[in-house]
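The next block holds one structure in the form of structure tokens; read it before the comments.
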Amino acid sequence: MIRFDKVTKTYPGQKRAALDRVDLEINKGEFVFLVGSSGSGKSTFLRLILREARPTSGHVYVAGKEINKLSSWKVPKLRRQLGTVFQDFRLLPNKTVFENVAYALEVIGKPRDEIKRLVPETLDLVGLDGKGHRRPDELSGGEQQRVAIARAYVNRPMILIADEPTGNLDPTTSVGIMKLLDRINREDTTVLMATHDSSIVDQMRKRVIELDEGRVIRDEARGIYGYEN
Amino acid sequence: MRAILNELRASLTRNTSMTISLIVTMSVSLLLASLGLLIQAQAERTEQYFGDRLQLQVNLCTKNSPAATCVGGAATDEQKQAVQTALQDNPEVKDFAVRSPKENYAQARELLGQTDTGRKQLETLGVDSFPESYFVTLKDPQQFDGVVSEVSGMDGVGNVNSLRDLLGPLFEMLDKMQWAALATAGLLIIAAILQVSNTIRMTAFARRREIGIMRLVGASSWHIQAPFVLESLVAAFISAALAAGGLAAFMHFVVYGYLRDTLGRITTWVRWEDAFLVMGMTTVLALLLALVPTFVMTRKYLDV
């Protein structure tokens with residue numbers, strides 16, 4: 001589903017590589033935590049998958065496509081197969097919950113009847129049934145993140161990328177969000193989550209990839225946040 | 001499409017003052033460009049009427065010509081032939097065109113038909129009141145003395161006019177007005193382009209959240225650009241319509257309301273069909289003015 005083949009990324013003006021000869025593969029339906037301290041290369045890793053940046057050398061394959069060879073006009077098509085969730089939710093404050101989720105379908109030209117069917121279905125899935133008419137400022141942090149997940153998932157992407165999705169949430173709410181991501185993963189969606197939240201990683205016991213100064217220093221099938229004694 | 005139109009409505013509402021200022025600048029620049037083009041059309045029309053500004057106009061005698069060379073009345077065929085031969089043989093002459101009395105009459109009808117007094121005057125004139133004329137192009141426009149002195153004394157020649165002397169000041173004025181209008185329009189067009197670019201930058205900033213989401217969820221470049229392009233198109237069409245309105249007012253109040261009546265004897269003035277042609281040209285200019293910077297700037301600021 002995602003393959004990094006000796007990928008190095010060096011930003012212009014920087015001496016040190018943000019990613020240094022990263023070589024790994026994430027299979028369809030996997031749930032993967034990406035961990036590492038700030039500046040370890042997690043964001044660059046995600047940016048390369050989203051084709052927001054291109055590798056300096058090496059090859060990145062996403063959903064069967066080598067994305068550094070992908071022409072610009074094909075990038076939107078690639079991104080329709082990816083859902084993205086951020087720490088700061090990035091909801092549109094002037095739109096209701098329903099409109100926020102529907103927006104992701106409207107801008108890719110989905111027909112109205114399909115939007116009317118998919119949005120309530122997805123809101124139900126994320127546990128926001130009956131809250132479609134509310135605005136983001138009328139919701140709790142956890143609910144706002146659920147809206148963001150609904151928006152990312154409404155088009156049924158093959159891969160869900162979550163960048164610190166629990167970073168702004170309390171532990172109890174975080175558990176709810178992780179249950180939701182786990183449920184989405186069980187629907188055969190690959191989930192890649194960058195996080196600093198050790199308790200969640202430890203609790204979930206999923207594959208853990210640790211980056212340090214741009215290099216993969218650990219890749220464990222059922223890992224924890226730190227090293228096991 | 002509905003989503004794009006919603007974006008457009010939101011964008012126009014959010015940027016009302018910027019859009020209005022853009023429309024005002026574009027309208028004024030387009031109006032000035034229109035006036036410049038209209039003056040150019042006027043200059044062409046005047047040239048068509050009088051002949052090229054660098055030509056000599058040789059008018060043969062009519063039955064009523066008062067010149068001493070016209071004592072025999074209207075120029076005879078032999079006299080015409082002699083004048084034509086003299087022009088052909090003169091080394092200063094490059095070539096010459098013949099305008100028949102009928103053509104001169106038709107021109108006069110157009111000129112005099114612009115005013116009431118002219119129309120009355122026309123009632124007393126017929127084709128035979130007008131001479132056959134030769135519009136002579138010289139090899140060197142400065143060297144006309146030889147031709148004038150040779151031809152003006154020939155029998156059958158009523159008068160020889162140097163259009164350069166006659167029309168020089170008029171063409172000079174038209175030229176200056178045209179360039180002043182076009183130069184001012186040029187400056188305002190630069191201002192309008194900068195305003196388009198500024199509006200796009202501000203809109204892109206105001207909508208950075210929506211644009212970010214659109215890019216992430218895989219909206220096509222066209223979908224992201226469309227509200228900006230449509231906003232510019234709306235501004236361009238309104239500006240073109242306002243400029244056309246301004247030009248129509250100029251035609252109605254100045255050309256038809258004043259120039260044709262008061263200065264109808266000088267030349268034939270531009271008509272509505274000239275104005276419509278100019279309106280079409282400025283509409284195309286408005287579209288280019290709005291769309292080219294919009295495409296360039298959206299690529300730059302939206303990263304699409």
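The table below lists the values:
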quantity	calculated
B:Q84 vs. criteria of a type outside the set (V, I, T) and either assigned to a strand (DSSP E or B) or touching a helix residue (DSSP H, G or I) at 6+ places or on another chain (Cβ under 7 Å) (or both)	no
Test: B:G168 is more than 30 Å from B:N15 (Cα to Cα), exposed (fewer than 14 other Cβ atoms within 10 Å of the Cβ), of a type outside the set (K, R) and touching a Lys or Arg at 6+ places or on another chain (Cβ under 8 Å)	yes
Residue identified as in contact (Cβ under 8 Å) with a residue 40 or more places away in the chain and crowded, with 20+ Cβ neighbours inside 10 Å among A:L24, A:L34	A:L34
Which numbered condition A:T96 misses (of (1) over 30 Å from A:R135 (Cβ atoms); (2) over 13 Å from the mean Cα position of the chain (by Cα))	(1)
Check on A:V35, closer than 17 Å to A:M193 by Cα, in contact with a Pro (Cβ under 8 Å, 6 or more places away or on another chain) and among the β-branched types (V, I, T)	no
Tally, over the stretch B:193-237, of residues that are in a helix (DSSP H, G or I), of a type outside the set (A, V, I, L, M) and more than 8 Å from chain A (Cβ to nearest Cβ)	15
Residue list for the stretch A:169-213, filter: among the acidic types (D, E) and under 17 Å from A:V35 (Cβ atoms)	A:D197, A:D202, A:E210, A:D212, A:E213
Residue within the stretch A:65-78 that is over 23 Å from A:T166 (Cα atoms), more than 10 Å from chain B (Cβ to nearest Cβ), assigned to a strand (DSSP E or B) and without any contact (Cβ under 8 Å) to a residue 24 or more places away in the chain present	yes
Residue count for the stretch A:50-64, restricted to those that are facing chain B (nearest Cβ under 10 Å) and either of a type in the set (D, E) or surrounded by fewer than 18 Cβ atoms within 10 Å (Cβ to Cβ) (or both)	1
The stretch B:1-45, residues that are of a type in the set (S, T, N, Q) and within 23 Å of A:I108 (Cα to Cα)	B:N6, B:S11
Tally, over the stretch A:103-115, of residues that are within 16 Å of B:R209 (Cβ to Cβ), of a type outside the set (V, I, T) and free of Cβ contacts under 8 Å to residues at least 40 places away in the same chain	1
Which numbered condition B:R208 misses (of (1) modelled with pLDDT under 85; (2) within 16 Å of B:M297 (Cα to Cα))	(1)
Residue in the stretch A:96-108 that is at positive phi and either touching a Gly at 6+ places or on another chain (Cβ under 7 Å) or among the small types (G, A, S) (or both) present	no
Top-ranked residue of the stretch B:171-194 - restricted to ones that are closer than 19 Å to B:S34 by Cβ and not hydrophobic (A, V, I, L, M, F, W, C), ranked as surrounded by the most Cβ atoms within 10 Å (Cβ to Cβ)	B:Q178
Selection count, the stretch A:79-114, where residues are closer than 23 Å to A:M193 by Cα, part of a loop (DSSP other than H, G, I, E, B) and more than 7 Å from chain B (Cβ to nearest Cβ)	5
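Each row is one residue, and each column tells you yes or no for (1) modelled with pLDDT of 95 or more; (2) among the hydrophobic types (A, V, I, L, M, F, W, C); (3) assigned to a strand (DSSP E or B).
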| site | (1), (2), (3) |
| --- | --- |
| A:V147 | yes, yes, no |
| A:A152 | yes, yes, no |
| A:I161 | yes, yes, yes |
| A:T173 | no, no, no |
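Matching residues to (1) among the aliphatic types (A, V, I, L, M); (2) over 23 Å from A:Q144 (Cβ atoms); (3) at pLDDT 90 or above; (4) touching a Gly at 6+ places or on another chain (Cβ under 9 Å):
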position: A:K65; (1), (2), (3), (4): no, yes, no, no
position: A:N68; (1), (2), (3), (4): no, yes, no, yes
position: A:S72; (1), (2), (3), (4): no, yes, no, no
position: A:K77; (1), (2), (3), (4): no, yes, yes, yes
position: A:T84; (1), (2), (3), (4): no, no, yes, no
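The values are calculated or read from the model by the stated rules, or taken from the named source; none is laboratory data. Quantities reported herein were computed from a predicted structural model and do not represent experimental measurements. Neighbour counts run over all protein chains shown; Cβ positions are idealised from the backbone, glycine included.
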